[in-house]
Each structure stands twice: as structure tokens, then as C-alpha cells.
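Participant: Pasting in a structure now, in C-alpha cells, and then I'll have a few things to ask.
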Amino acid sequence: MIKLLFLILLSLTLNAKTFTVASYNVENLFDLEKNRSDYKEYIPNTKSKWNQRSFNIKLNNTIKVLKDIDADIIALQEIENRQMMKQLQRKLPQYKYFSFTKYRNSSVGIGFLSKIKIKANQDINVKFSNKLFRPLLETTFEVENIEFKIFNNHWPSKRVAESYRVKYAKKLFDRLQKLPRDYDYILLGDFNSNYDEFKTIYREKKLNNTNGITGINQVLNTTINKRYVTYDDILKRGKKVNYNLWLDLKYKDRFSNKYRGKNNTPDNIIIAPALFDNKKLSYVPKSFKVFKPNYLYKNGKVLRWKMKGRVHQGHGFSDHLPIIATFSTNKTEKSPLKKIEKKEINKISQLYTKEKLLKEIYLKDVVVIYKHGKNAIIKQKNDRAIYLYNNAQDLSEGFSYDLAISQIKDYHGLLEVEDYKIKKHNGKVKNYKSLYLNAKKIDIFDTKYQNEILTNIKGTFKKGKLYLDNNKRIKLFAKNKKDLPKENTNIELKKAHLSYYRGNVQILIHEKIK
């Protein structure tokens, strides 16, 4: 009997299929046929130099990326027409199946190349009276007799307000509601929305015509009550929620596009709770990644297709980086989420592995190493530091406490304690300043040092940045600009709060620099 069970288990493992799914906005792959819907710079054989040479380079560059990704299914955006998809398939014969859709007068469309059987396709139409965009593409795949759906998205860009993207999200969510509760589906593509869109929409007056509601977060339910849906609670939610795979990566690695030096995530892969229940198809936890070899991403820049004055320069790839995730039919594990460590949290450093807390966390002997007004930084010996913003009125610098942390929050990459209770006063710590770090002995641009208090920071202040002795520079940020030093002055910071904002390390100034 034991032998039979072993053979059955072995058979299930051997027959299990693991496959990858990718999404890539190729940035305007047009052919050389003139059409009314062509963008001006893609009208062939004009001053824009969209000619045979430019086309060949762009096509070959796109094919190189697709070959190197080697995903089993790849969703594409910004393909001009079905003929271009067929040309890609001819160049990449390993992809036996393909699908494509666009509106008749749209400039570009969306599609799939697949090594896995495509069973069916259908459009989800999203139309407006005053503008023309693209439909959503719902494609049904089959692997190991398991059916699943992938929804390819290319939502309107931020040239239009959020209500346009909300309409796309509602159309998509309405369709998801009609699927069986435990159906396996993947939402991916260029959503023209960051995974944390709800955090920034309030500041975008031209975009925010929805009272802070965003399509990708509140409508698709990747957040609930302004908290991300995470591994910890995705299977516990009563309503249909979805998990955004960007949360699998460290904050600094969350980007598929750069805009003015800042990280953006317009491309997303969002998955159903059913992909964690291990009934049919499962997501392989932590398998999500950004494909960024040196030829696509170098020196902090995405090497996009180069244009100068609307003239093609004949080199580059796309302004987006491809994103990839792995899935499996392996059912030998009770739950794939059990692979995720669920150790008891008792260190500040462990808080940095969480997006939110579902229960109170007890931290012993945390020392307040810096205090200014209601702001403070706490640290444990031989561990990390963390920031308390506008809620540290009952703490005193140089004193130790036991704290019950009930909630944390991520402020654009900077982790903060949002809510806590003092459980015990441990008294004054005489040598608490020994917990400061010497900036000369560490790499201050390493994000693991965020929220530390640094000493020995010297440099010249110019145009908002401190130019250091090693020819590097770091931004100084102060809520009150009057607290910043005068231009072209040499300064030394005796207590510098190493901060972080949207992909960039900076020093947060709490009081006037003299």
C-alpha cells in the first residue's frame, strides 16, 4: 500500500507541468504598410525615418527579447495588427498558438504568443463616446487538462483621468464575478497604473476625478481599506480579491519603467486566490521577476527605442521591461503558501518583510535613538531601525521600551510604525548613541540602512543635494525648505536620518541646518 501511494505521488510529480507567463509592452511595433491609424512618426518612408532599416532593427530587437525571455505564454501590448503577430510567430516557431485583438481604428492592439494550447478567445469591449482605446483580451488556455484564463490589458494612459481606467477595471471585474469562485485566472498587461496607485492619486489633481478611487486597487480589490491583499490573508477574504505580484519583490526592485528617474510599475501581473488553493493550478510563490539584462537596463535607465525630434535613431528596445511569473500543476504540497516562512516576529528587521500586520507584534528592548517633536527612530541592538512619524509623543530619546506594534505602513518605500502601545518602560540607556552608524564605514545607498541615524556625513550642498567626498551625491529633503542649508555651503551632519522615497535614498532633515 505504501509503495502504491509512493508511485502515485511520484507519478503526480513527474506529470506536473511548470510553466512561465510573461507580459511585455514592446513600444509601438508597426509594420511598413501605410494606414490611417498609424502614429505620425510611424508613417513609413517619411522624414521620421520609419523605413526598412528601422523596421528590421526594431523587429529583430523585439525577437531577441522574446527569445531570451523564453516564456511559455507571453502577453504583448502595442502590436500594430494581426499581420505583425503572425510575423513574430513565424520568427518564433516555438510558439504554436497566438491570438490578437484591436479596434478597427485603433493604432495598436494586444495579443498572446503561446506554447500552451489556446482553447478560446473573446473581447471584453470598453468603449467611450469621445475616445478610442483597446478592448481587453480574454484568452482561455489548457495545460494538463486544466483550463485557466489570462486577461491581457492595455488601459488608457495618464493623458486621461482615472475614470477611464476605472471603467476598464469595472468591466474586467464584472467578468471575473461571473467565473466560478475557485477558477484560476491571471490579469496582466500594461494597466498604466502603479501597483500602489491609491497612494498617489490624491496628489494628481488632473487625474483624480474619482475621489481617490483607482481601478487597479479599489476596483480590482488588490487593496482592502487601503491595505494590500497579501499572502497572509488572500485565502481568508470573503469577497473576490486579487494579489499583485509586485509585492513579491523588495521595494527597490519594483519597477518595469522609469519616469524622470523614478520607479514605475505600469505593467502588472495580478492573480486570483484560486492560484494559492492548490486545487488545479498554482502560482509558485516568490517566482515573480523583472527581466532586465544589460541590453535592456543599464546604469539606472531603461534602454527604450530611441527617438530624437520624432526621428527614429535605429537602436533601442522599449520603454517597458518584461515581467515574468511561474505557475505549476504540482499538487504534492498541501498549500504553496506553506513555503513562505511564518516565524514569530520579534525583531524590527522582520517588520521589513511585511506589507501589513494581521496581529500585534511584541518587540522587546527597543531604544529611541532619535526624537524630534512627535517623530522618533527606534532601534534594537544588533538589529535594524524604524521610523515613527507623528506618533512618538510618549517616547523619550535615550530610553528603552517594550512595544506592541499593531500596524506598520510603507510610505513610498520608507517603512514606518503606524500604531503601537507601550507595554513596558525599561529606563534610560547611557550609551544609546553607540547605535548610530558611521557613514564612512557603510554604503549609505544600500536600502537595508534606511531609517538609521548616521554620523560623519560631510559634503557641499548644491541644488538640493549633498555632494560627498567620494564624488557621490544624496538628496537632502526637508518639509520646510527653510531648514535646508544655503547654496554652495560645506556642512557636517552630526545626526542624519537616512530615508527613502520612491526608489531613491535621501537624507530627511528634521530641523534647521546651521
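The values are calculated or read from the model by the stated rules, or taken from the named source; none is laboratory data. Note that the structure is a prediction, hence the values are computed from the model and not measured. With ideal geometry, Cβ positions are generated from the backbone for all residues, glycine too; neighbour counts draw on all protein chains shown. Note: areas computed on protein heavy atoms with side chains; ligands, DNA, RNA excluded. Shrake-Rupley method; radii C 1.70, N 1.55, O 1.52, S 1.80 Å.
Participant: When the Karplus curve 6.51 cos²θ - 1.76 cosθ + 1.60 is applied with θ = phi - 60°, which whole-Hz ³J(HN,Hα) does each residue of segment 17-22 get, with x for Gly and Pro?
Facilitator: After applying 6.51 cos²θ - 1.76 cosθ + 1.60, I find 10, 10, 9, 10, 10, 10 Hz.
Participant: Sticking with this one: Net charge near N456: determine it from the other residues with C-beta under 12 Å of the C-beta of N456, scoring Lys and Arg +1 and Asp and Glu -1.
Facilitator: Taking every other residue near N456 into account, the sum is +3.
Participant: On to the next question. List the residues of segment 307-331 whose backbone N lies under 19 Å from a point placed 7 Å from the Cα of K34 along the Cα-to-Cβ direction.
Facilitator: The answer is 311-312, whose backbone nitrogens lie closer than 19 Å to the label point.
Participant: Could you sort out which of K292/K462; K258/K479; K86/K119 sit more than 21 Å apart by Cα distance in this structure?
Facilitator: Violating the 21 Å Cα-Cα cut-off are K292/K462; K258/K479.
Participant: Now for a different question. Which order do the peptides 307-314, 180-187 come out in when sorted by mean C-beta neighbours inside 10 angstrom, highest first?
Facilitator: Taking the mean over residues of other Cβ atoms within 10 Å, the ranking is 180-187, 307-314.
Participant: Still on this structure, please answer the following. Listed highest first by mean packing, meaning other Cβ atoms within 10 Å per residue, what order do 102-112, 168-178 come in?
Facilitator: Ranked by mean Cβ neighbours within 10 Å, highest first: 102-112, 168-178.
Participant: Measure off 7 Å from each Cα along the Cα-to-Cβ vector at N299 and D182, then give the distance between these two points in nanometres to one decimal.
Facilitator: 5.4
Participant: For segment 179-246, what's the relative contact order in percent, using C-alpha pairs closer than 8 Å and at least 6 residues apart?
Facilitator: 25
Participant: What whole number of Å gives the distance from the Cα centroid of segment 124-156 to the Cα centroid of segment 55-120?
Facilitator: Using only Cα atoms to place each centre, the spacing works out to 15 Å.
Participant: Filter the DSSP H helices in the chain by two things, a Kyte-Doolittle mean of at least 0.0 and an axial alpha-carbon span of 30 angstrom or more, and list the hits by number.
Facilitator: Flagged H segments: there are none.
Participant: Would you kindly state how much longer the chain becomes between D443 and K250 on full extension, computed as 0.36 nm times their sequence separation minus their alpha carbon distance, in nm to one decimal?
Facilitator: Value of the extension gain: 67.7 nm.
Participant: Give the accessible surface of segment 189-264 per residue, rounded to a whole number of Å², with probe radius 1.4 Å and ligands, DNA and RNA excluded.
Facilitator: Per-residue value: 44 Å².
Participant: Counting heavy atoms of the protein chains only and a 1.4 Å probe, report the per residue accessible area for segment 55-142 as a whole number of Å².
Facilitator: 41
Participant: Relative contact order of segment 277-317: what whole-number percent is it, with Cα pairs under 8 angstrom and at least 6 residues apart?
Facilitator: Reported as a whole number, the value is 24 percent.
Participant: Let me ask something else. With a cut-off of 8 Å between alpha carbons and a minimum separation of six or more residues, what is the relative contact order of the chain in percent?
Facilitator: So the answer I get is 11 percent.
Participant: Quick one: if the Förster radius is 25 Å, what FRET efficiency do S406 and K495 give, using the C-beta to C-beta distance and rounding to 0.05?
Facilitator: 0.35
Participant: Right, another one. Check Y195: other-chain or 5+ apart residues with amide H under 5 Å from its amide H, H built from backbone geometry?
Facilitator: For Y195, whose amide H was placed from the backbone, the distant partners under 5 Å are T265.
Participant: Multiplying the sequence separation of K96 and K472 by 0.36 nm and subtracting their Cα-Cα distance, what value in nm do you get?
Facilitator: Answer, rounded to one decimal: 130.3 nm.
Participant: From the phi of every residue in segment 472-477, what ³J(HN,Hα) in whole Hz does the Karplus formula 6.51 cos²θ - 1.76 cosθ + 1.60 yield, where θ is phi - 60° and glycine or proline is x?
Facilitator: 9, 9, 9, 6, 9, 10
Participant: For a quick protection proxy, order the peptides 258-269, 226-237 by their average other-Cβ count within 10 Å, most packed first.
Facilitator: For the peptides 258-269, 226-237, the packing ranking is 258-269, 226-237.
Participant: Post the alpha-carbon centroid distance, segment 387-456 to segment 468-514, in whole angstrom.
Facilitator: When both Cα centres are located, 18 Å separates them.
Participant: Given 10 °C and 1.306 mPa s, how large is the Stokes-Einstein diffusion coefficient of the chain in µm²/s, with Rh as the Kirkwood radius over Cα pairs?
Facilitator: 62
Participant: Do the alpha carbons of any pairs in K371/K428; K371/K440; K347/K421; K117/K171 sit beyond 21 Å of each other, and which pairs?
Facilitator: In this structure, K371/K440; K117/K171 exceed 21 Å between Cα atoms.
Participant: Separate question: Which far-off residues, 5 or more places away or on another chain, put their amide H under 5 Å from the one on N25, with H placed in the peptide plane?
Facilitator: Q77
Participant: Enumerate the calculated ³J(HN,Hα) couplings along segment 489-502 in order (Karplus 6.51 cos²θ - 1.76 cosθ + 1.60, θ = phi - 60°), each rounded to whole Hz, writing x wherever the residue is Gly or Pro.
Facilitator: Working through the residues one at a time gives 9, 8, 9, 10, 9, 7, 9, 10, 8, 6, 10, 7, 8, 6 Hz.
Participant: Please give the length that would be gained between N105 and K428 if that part of the chain were fully extended, namely 0.36 nm times their separation in residues minus their C-alpha to C-alpha distance (nm, one decimal).
Facilitator: That works out to 109.1 nm of additional length.
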